[in-house]
Each structure stands twice: as structure tokens, then as C-alpha cells.
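First the structure, in the form of C-alpha cells, and then the observations on it.
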Amino acid sequence: MTASLPALSVLFAVLATAVPWGLPGDATFILPLVVVMMIFCWRALPGTVFPPYLAMLLGLLTDITSGGPLGFWALMSLIAATAGGRAPPLTDGQDLNRLWLVWGGVAGVVASFGWLLASLYFLRWIDWWPIAFGALASIALFPVVLRGLLWVRRGRLWPERAALYRRWT
């Protein structure tokens, strides 16, 4: 698989974050963290080509479209891409739960580091609740996003069990 399909799906998500959805102030970090989660998922899927520099460029585009400080989401995307590249491969049904648990840890690290970095950027302690809410929402949405990415990758919503859980070498 070439890098074009994963990159186009993440690009679509980045453009969706730029749309004014009318979300409350506490939900401002949900959509960018879903983009970061998509990058993690694409890097964790075996046989997918999604280089870290592409993740960083799409994170930079998220910075530009969101109006935030340049490099913030690029760094978060790079952290997620690195973690996704080191995530356990999907070999059986238990690995999906393990991958979800790994994303929970990565989301916690990204949220904590993002809060600290934003506090340093503004030279004051910013409110932690919006980024924590975004991280919790991304953890809850993980199975839905992973199922959607598998659908994009295979062209059907319910892949065969043998194709999903076979050993990738």
C-alpha cells in the first residue's frame, strides 16, 4: 500500500478540523486529537506506508488551519507516529484491545505534554480540562476510528477475520 491513501484520509480529517462545527469551548481539542489518533492507527497497521515526516507535515497543516502555535500539533503528530510505529502488531483479537490500551497511554502522554507545552508557550498555567476531555474522547472513539481506517484500507466495513488477524511478517 502506498502512502497516498493514509495521507489522503488524514488530510480529509485535518480539513474537517478546520470547519467551524460550533463545538463548546471544552471540546476544542477533540478533533485535532482524532487526527493524531488516525496517525497513530495508520502507523500501527502492518503493511501500511506512512512515514513520520508525512505525519509531521499533516500536523503542521493542522496548526495552520486551527490558528494555534506553529509546531504544536506537528510535534504531537510526530510523537503519535513514533508510538504507532513501535506499537504491537495486530496478530489476533487480543491485540486490538492491547492496541487500544497503548493508544490510551499515548493519548495521556500527548495530552500531558501538550498541556505543559501550551502552558510554557503562554507563560501561565492554562486550563487542563479541554485537553483532558479531548484525550478521553479520543480514547473512547478509538474503536470507531480504527474500524473506519480498516474500511478505508480494505474497501469494506467488516474484513474477514483471517485477513485481519493473520500474522504479518
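The modelled label-to-label distance between L96 and L136, using points 7 Å beyond Cα along the C-beta direction, is 2.5 nm. If you work out Cα Rg over 2.2 N^0.38 Å from the coordinates, which of (1) 4.32; (2) 1.15; (3) 1.01 do you get? Comparing each candidate, only (3) matches the computed number.
If you sort I39, I64, I30 by accessible surface, 1.4 Å probe, largest first, the order is I64, I30, I39.
Once the 1.4 Å probe is applied to the protein heavy atoms, the chain comes out at 53 Å² accessible per residue. Our estimate of slack between D127 and T82, defined as 0.36 nm per intervening residue step minus the Cα-Cα distance, is 13.5 nm. Restricting region 1-105 to chymotrypsin sites (Phe, Trp or Tyr not before Pro) that sit in a DSSP loop and have at most 16 other Cβ atoms within 10 Å of their own Cβ leaves W21. Net charge in the neighbourhood of P88 (other residues with Cβ under 10 Å of its Cβ; Lys, Arg +1, Asp, Glu -1) is +1.
Given contacts defined as C-alpha pairs under 8 Å and at least six residues apart, what's the relative contact order of region 1-104, whole-number percent?
29 percent
Couplings 3J(HN,Hα) for region 138-147, derived from phi with the Karplus relation 6.51 cos²θ - 1.76 cosθ + 1.60 (θ = phi - 60°), are 5, 5, 5, 7, 3, x, 5, 5, 4, 4 Hz, where x marks Gly and Pro.
When the chain is described by a simple charge dipole with +1 on each Lys and Arg Cβ and -1 on each Asp and Glu Cβ, the residue from W21, L141, G114 located farthest towards its positive end is L141.
The phi torsions of region 107-123, fed into the Karplus equation with coefficients 6.51, -1.76 and 1.60 and a -60° offset, translate into couplings of 5, x, 5, 5, 5, 5, 5, x, 5, 5, 5, 5, 5, 5, 5, 8, 6 Hz, rounded to whole numbers, with Gly and Pro shown as x. Loop sites here are trypsin sites (Lys or Arg not before Pro) outside DSSP states H, G, I, E and B with no more than 11 other Cβ atoms within 10 Å. The longest part of the chain free of them is 1-85.
For the chain, the mean residue ellipticity at 222 nm estimated from helices alone is -23500 deg cm²/dmol, where every DSSP H run of n ≥ 4 contributes -39500 (n - 2.57) and the total is divided by all residues, rounded to the nearest 500.
Between L5 and T65, the FRET efficiency from the beta-carbon distance, with R0 = 22 Å, is close to 0.55. For the chain, take the longest principal axis of its alpha carbons; what is the angle in degrees between that and the long axis of helix 72-85, to the nearest 10 within 0 to 90? With rounding to tens, the tilt is 20 degrees. Here the gap between L15 and L120, fully extended at 0.36 nm per residue and compared with their Cα-Cα distance, gives a gain of 35.1 nm.
The values are calculated or read from the model by the stated rules, or taken from the named source; none is laboratory data. Remember, it's a predicted structure, so these values are computed and weren't measured experimentally. Note that each Cβ is placed from the backbone with ideal geometry, even for glycine, and that neighbours are counted across all protein chains shown. All accessible areas refer to the heavy atoms of the entire protein, side chains included, with ligands and DNA or RNA removed. Shrake-Rupley method; radii C 1.70, N 1.55, O 1.52, S 1.80 Å.
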